[in-house]
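**Student:** Quick one: the structure is below, questions incoming.
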Amino acid sequence: MKAVILARVSSREQEMGQSIDAQLENMKKYAQHKELPLLKTFQITESSTRGERKKFTEMLNFVKAQREKVALVADTIDRIQRSFKESVELDELRKSDKIEIHFIRENLILHKDSSSTDIARWDLGVFTAKTYVGNLRDNVKRSIDYNTKHGIWQSCAPFGYLNRRDINNKPIIIQDPERALGIRRLFEEYASGLYTISELLQKSKEWGLTNPKTNLPITKTTLFKMLNNPFYYGMMLVKGTLYPHIYKPIIDKTLFDKCQSIMNGKNRKRFKYAEKPYVFRGLIKCADCGCAITSDTKTKASGKTYTYLECSHYKGNCSQPAVNENDLLNQISTEIFDKLSFPPEIMQDIADCLSNVLRAENAYLLDETSKLQKKHNELKTKKNRLLDLLISNSISQDDYNDKKTEIEEELHTIDIQLNAHSQADSTFTTTVESIFALASHAGELFKSSKVEQKRALLNLLLSNCELKDKKLVYSIRKPFDALLNMNGCKSWLGRTDSNHDKENQNLLSYH
C-alpha cells in the first residue's frame, strides 16, 4: 500500500508561511515510519468550509483512479475537513477498502473494519474542528456585540468625531475640535425651525464646515444623515437597536428631539431593545405554520410566576396550543440527558480522542495568532514610517490623515480577530469540556444549569426543533447521534438532522 499525502492551508497568506512545510515534513516522516511508499503529495490552498473544494476533489479523483488501496495521510482531521459534507464520500471509499485514512496527531487510522468507537472518534474530531471555526466566526460577532453593548463604536467615527488611539494603543473616538462646534450650531439652527435642509447646507458652506477627508463642503445627504444620527446626543443605532455609547456627546437629546419633530412632524419610530433570556428563545419553530415560538412569563394571582411558549402567529391564526416551559424541559431531560451515560472503556476512548483534538486545535491557534501578530507589527511599523514622511514633508497632511485612518482601521480589524481567536479558543475548550461532561453526567449537568447554560447545551445537541401538540420534535446533532447509538439509544434518536448538507441524510446508517 502506498501513501497519498494531503497538506492544506486556508489562504494564500498561510502558504507564504511554514504551515505547509511543517505538515509535509511531519507526514513524510510518518509514511517512512509506517513503511508506506510515497505515491503523490497534494498541497492545497483552499478553505475547507467555504466554496467548492476543487483541489480536494482532484485529490479524491486521483485516489479513486488507483487500482490498489491507498493510505490517505493527513497531519490532523481539520486538514482534511472542518464539516461533515466530506464524510460520506470518504466513508464510502473506506468501506469499499479503497483507502485507509491516517490522522497523525489524533493517532487514528480508519479502514474498512474500523470499530464504531473509531468512527465516533472521527466524528468527534470533525465536530470539534467545525466547532472551532464556528466559534471563531461567532466570537467575531460576539466581540462586536459585546463592544456595541458596552458603548464602543466599531466603525469609522461619524462626521464631527475622529478615530484615534490612546496611550495603550487601543482605538478610541474623540470629538473633532475643528468641527464639533459647527455641528452643534447646525442642530441649533435647524431646531429653530427657520431653515430648510437646503438653506442650512448653504449656511454650513458659509461657516467653512468641510469633510475632513476631502476638505470639500459637506453634501445634502451628509447633512440629512447627521440630523438623524442619535450618535451626537450619546446613543448609537446598531441594527435597529439603540445603545448608549461612551463618547462625549456634541448635543443633548432635547435638541435632537426638536430637530426630529421639525423634520418628521411626529414622533420617531420606537427602537427595539434586547429580549429577555429564555431557555428556548430562538430555538424552536411552530410545526404547523413555521413561525417562531416565543416565550413569555406570567404571574398568577398567588404571586407565583411561570413561563409558557406559544406560536408568534406572525402568518396569522395558528391552532398550535401553548405549553409550559417546564413540560418541555422535563421531556428533554427524560428523552436525552437522563440517558446519556457511557461505560468506563468508552469514556476513556472519548477522553483520548478529545485530548488529541485539543492538541491539534492548539497548534492551529498558535499558527493563526502568530500570523495575525506579525501583520499587526508590520502595520505599526508602516504607521511609524508614515509619520516620518509627514515630518520630512514628503507627504501632505491630508494624505497622511487618509493613510493613517486606513492603517488604524486595519489594526482595529486585526485586534478584533486576535481577540476572537482568544475567545474562540476559550469557547472551544468549554465545548470540549461540555462534551466530556455530557458523556459523564448529562442529567445532573442539565438540571443544575442556569438558563444560558441550558441554551448552550441544547444548541450543542439539538437541531430542527419544532413545537407539535405541546411536544418538542427535534434532531440529534452529530457526533452525539453516534455516541448515543453506541450506548444503545438508537430507538429514540428521532429524525435525521437536515441542517447538515444533503449528503448527511444517511449518516446514522453508514456507521
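**Student:** Please name all residue pairs, on different chains or six or more residues apart, with Cβ atoms under 6 Å, provided the first residue is in the range 228-241 and is over 15 Å from Lys258 (Cα atoms) and in a strand (DSSP E or B) and the second residue is β-branched (Val, Ile, Thr) and open to solvent by less than 30 Å² (accessible area, probe 1.4 Å).
**Tutor:** Pairs that qualify, where the first residue is over 15 Å from Lys258 (Cα atoms) and in a strand (DSSP E or B) and the partner is β-branched (Val, Ile, Thr) and open to solvent by less than 30 Å² (accessible area, probe 1.4 Å), are Val238/Thr148.
**Student:** Is one or more of the residues making up the range 104-111 in contact (Cβ under 8 Å) with a residue 40 or more places away in the chain and farther than 18 Å from Thr128 by Cα?
**Tutor:** Checked against the condition, which is being in contact (Cβ under 8 Å) with a residue 40 or more places away in the chain and farther than 18 Å from Thr128 by Cα, the range 104-111 yields no hits at all.
**Student:** All but one of (1) out of contact with any Pro (no Cβ under 7 Å at 6 or more places or on another chain); (2) in contact (Cβ under 8 Å) with a residue 60 or more places away in the chain; (3) open to solvent by less than 30 Å² (accessible area, probe 1.4 Å) hold for Leu201; state the number of the condition that does not hold.
**Tutor:** (2)
**Student:** Among the residues of the range 113-129, is there at least one that is over 30 Å from Asp252 (Cα atoms), assigned to a loop (DSSP other than H, G, I, E, B) and small (Gly, Ala, Ser)?
**Tutor:** Yes, there is a match, as at least one residue in the range 113-129 is over 30 Å from Asp252 (Cα atoms), assigned to a loop (DSSP other than H, G, I, E, B) and small (Gly, Ala, Ser).
**Student:** Another question, then. Scan the range 67-86 residue by residue and report those that are in contact with a helix residue (DSSP H, G or I) (Cβ under 6 Å, 6 or more places away or on another chain), in a loop (DSSP other than H, G, I, E, B) and either within 21 Å of Leu38 (Cβ to Cβ) or among the aromatic types (Phe, Trp, Tyr) (or both).
**Tutor:** Those that are in contact with a helix residue (DSSP H, G or I) (Cβ under 6 Å, 6 or more places away or on another chain), in a loop (DSSP other than H, G, I, E, B) and either within 21 Å of Leu38 (Cβ to Cβ) or among the aromatic types (Phe, Trp, Tyr) (or both): Asp75, Thr76, Phe84.
**Student:** Still on this structure, I have one more. For Tyr161, work out the one condition from (1) surrounded by 19 or more Cβ atoms within 10 Å (Cβ to Cβ); (2) modelled with pLDDT under 90 it doesn't fulfil.
**Tutor:** Going through (1) surrounded by 19 or more Cβ atoms within 10 Å (Cβ to Cβ); (2) modelled with pLDDT under 90 one by one, Tyr161 breaks only (2).
**Student:** Name the single residue that is most open to solvent (accessible area, probe 1.4 Å) among those in the range 188-198 being in contact (Cβ under 8 Å) with a residue 60 or more places away in the chain and not hydroxyl-bearing (Ser, Thr, Tyr).
**Tutor:** It comes out as Glu188.
**Student:** Out of the range 190-210, which residues are outside any helix (DSSP H, G or I) and either at pLDDT 85 or above or touching a His at 6+ places or on another chain (Cβ under 7 Å) (or both)?
**Tutor:** Gly208, Leu209, Thr210
**Student:** Of all residues in the range 306-335, how many are touching a residue at least 12 places away in the same chain (Cβ under 8 Å), part of a loop (DSSP other than H, G, I, E, B) and open to solvent by 40 Å² or more (accessible area, probe 1.4 Å)?
**Tutor:** Here the count works out to 7.
**Student:** Given the criteria open to solvent by less than 60 Å² (accessible area, probe 1.4 Å), closer than 22 Å to Ala120 by Cβ, at pLDDT 80 or above and in contact with a helix residue (DSSP H, G or I) (Cβ under 9 Å, 6 or more places away or on another chain), does Glu100 qualify?
**Tutor:** For Glu100, the condition - open to solvent by less than 60 Å² (accessible area, probe 1.4 Å), closer than 22 Å to Ala120 by Cβ, at pLDDT 80 or above and in contact with a helix residue (DSSP H, G or I) (Cβ under 9 Å, 6 or more places away or on another chain) - is met.
**Student:** Among the candidates Asn163, Asn215, single out the residue that is outside any helix (DSSP H, G or I), under 29 Å from the mean Cα position of the chain (by Cα) and more than 20 Å from Asp252 (Cβ to Cβ).
**Tutor:** Testing whether each residue is outside any helix (DSSP H, G or I), under 29 Å from the mean Cα position of the chain (by Cα) and more than 20 Å from Asp252 (Cβ to Cβ) leaves just Asn163.
**Student:** Give the residue that is nearest to Tyr474 (Cα to Cα), with candidates limited to residues of the range 274-305 that are polar (S, T, N, Q) and open to solvent by 50 Å² or more (accessible area, probe 1.4 Å).
**Tutor:** My answer is Thr294.
**Student:** Residue by residue through the range 62-94, note down the ones that are farther than 12 Å from Ile5 by Cα and either hydroxyl-bearing (Ser, Thr, Tyr) or open to solvent by less than 30 Å² (accessible area, probe 1.4 Å) (or both).
**Tutor:** Ile77, Asp78, Gln81, Arg82, Ser83, Phe84, Glu86, Ser87, Leu90, Asp91, Leu93, Arg94
**Student:** Any residue that is modelled with pLDDT of 85 or more and more than 13 Å from Arg79 (Cβ to Cβ) - is there at least one of those in the range 5-24?
**Tutor:** no
**Student:** To continue, here is another question. Quick one: in the range 126-154, of everything that is out of contact with any strand residue (DSSP E or B) (no Cβ under 7 Å at 6 or more places or on another chain) and small (Gly, Ala, Ser), which residue is modelled with the highest pLDDT?
**Tutor:** Once the filter is applied, the top-ranked residue is Ser143.
**Student:** With open to solvent by less than 60 Å² (accessible area, probe 1.4 Å), at pLDDT below 75 and of a type in the set (Asp, Glu) as the only criterion, which of Asp415, Asp501 stands out?
**Tutor:** Every option except Asp415 fails the conditions.
**Student:** From the list Asp402, Asp398, which one is surrounded by fewer than 13 Cβ atoms within 10 Å (Cβ to Cβ), touching a residue at least 60 places away in the same chain (Cβ under 8 Å), over 25 Å from the mean Cα position of the chain (by Cα) and farther than 27 Å from Ile20 by Cβ?
**Tutor:** Asp398
Matching residues to (1) in contact with a Gly (Cβ under 7 Å, 6 or more places away or on another chain); (2) over 29 Å from Lys404 (Cα atoms):
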{"residue": "Arg179", "(1), (2)": "yes, no"}
{"residue": "Arg184", "(1), (2)": "no, no"}
{"residue": "Ser198", "(1), (2)": "no, yes"}
{"residue": "Lys205", "(1), (2)": "no, no"}
{"residue": "Leu216", "(1), (2)": "no, no"}
{"residue": "Thr222", "(1), (2)": "no, no"}
{"residue": "Leu255", "(1), (2)": "no, yes"}
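**Student:** Hey, another quick one. Looking at the range 168-187 only, could you name the residues that are open to solvent by 50 Å² or more (accessible area, probe 1.4 Å) and in contact with a Lys or Arg (Cβ under 9 Å, 6 or more places away or on another chain)?
**Tutor:** If the condition is that a residue be open to solvent by 50 Å² or more (accessible area, probe 1.4 Å) and in contact with a Lys or Arg (Cβ under 9 Å, 6 or more places away or on another chain), then Pro171, Ile172, Ile174, Gln175, Arg185 are the ones that fit.
**Student:** Of the conditions (1) acidic (Asp, Glu); (2) in contact (Cβ under 8 Å) with a residue 40 or more places away in the chain; (3) part of a loop (DSSP other than H, G, I, E, B), Asp97 clears all except one; give me its number.
**Tutor:** The single condition Asp97 does not satisfy is (2).
**Student:** Which residue out of Thr214, Thr241 is within 30 Å of Ser396 (Cβ to Cβ) and β-branched (Val, Ile, Thr)?
**Tutor:** Thr214
The values are calculated or read from the model by the stated rules, or taken from the named source; none is laboratory data. Keep in mind the model is a prediction, meaning the values are calculated, not measured. Note that each Cβ is placed from the backbone with ideal geometry, even for glycine, and that neighbours are counted across all protein chains shown. All accessible areas refer to the heavy atoms of the entire protein, side chains included, with ligands and DNA or RNA removed. Shrake-Rupley method; radii C 1.70, N 1.55, O 1.52, S 1.80 Å.
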